[in-house]
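Let me begin by presenting the structure, written as structure tokens, before commenting on it.
The values are calculated or read from the model by the stated rules, or taken from the named source; none is laboratory data. As the structure is a computational prediction, the values presented were derived from the model and not from experiment. Counting neighbours? That spans all protein chains shown, and the Cβs are built from the backbone with ideal geometry, glycine included. Heads up: the accessible areas ignore ligands, DNA and RNA and are worked out on the full protein's heavy atoms, side chains in. Shrake-Rupley method; radii C 1.70, N 1.55, O 1.52, S 1.80 Å.
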Amino acid sequence: MAKGDKKGALFAMKRKKLYETEIDKIENVKMTLETQVINLESASQNAETFKAMQAGTSTMKKIRNDVGIDAVDNVMDEIKEEMDMASEINNAIAQPVDPLLTDEDELLAELNELETADLEAELLKPAPTPISLPQAPASKLPSLAKDEEDDLKQLEAELAGL
């Protein structure tokens with residue numbers, strides 16, 4: 001471009017402005033496309049998450065239907081019945097097989113009779129010889145010291161005041 005060519009300079013400036021405007025448009029479109037790609041990826045992840053949540057829910061429903069509360073109650077009842085049966089079997093096995101064994105109530109009654117007879121025999125025995133005890137002192141006990149007597153009187157006065 002020549003030095004005095006204003007028209008050419010204006011044309012070049014207009015073309016530069018057009019290019020700059022076109023670059024801004026392209027950058028805005030590029031930003032819009034990138035935003036759209038991010039939003040599509042997010043939507044795709046949300047859709048996958050939703051599908052996984054639906055699959056989990058349907059699996060839980062199937063499990064709950066297969067293992068409903070009635071089935072659980074039935075299994076628990078069966079377990080209780082089996083435990084009761086095992087307890088009965090244990091009790092039956094623990095029973096003595098000695099045919100000479102008598103009823104425990106009869107044995108307790110006989111033991112009480114023997115104890116009563118022993119107690120009666122003990123009560124009917126003659127009294128044992130008296131126990132010899134030491135002689136009580138015949139002399140007068142020593143008197144308290146004067147300070148002890150004063151302390152005792154003061155204590156009695158305090159107690160009487162309460």
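Summary of values
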| read-out | value |
| --- | --- |
| For the chain, the Rg and Dmax computed from alpha carbons only, in angstrom | 56.1, 160 |
| Rounded accessible area per residue of the chain, 1.4 Å, Å² | 99 |
| About the Cα centre, charge dipole magnitude for the chain (Lys/Arg +1, Asp/Glu -1 at Cβ), debye | 4540 |
| Positive dipole terminus of the chain, leading residue within ALA52, ALA12, ALA92 (C-beta point charges) | ALA12 |
| Accessible area of the chain belonging to carbon and sulfur atoms, whole % at 1.4 Å probe | 61 |
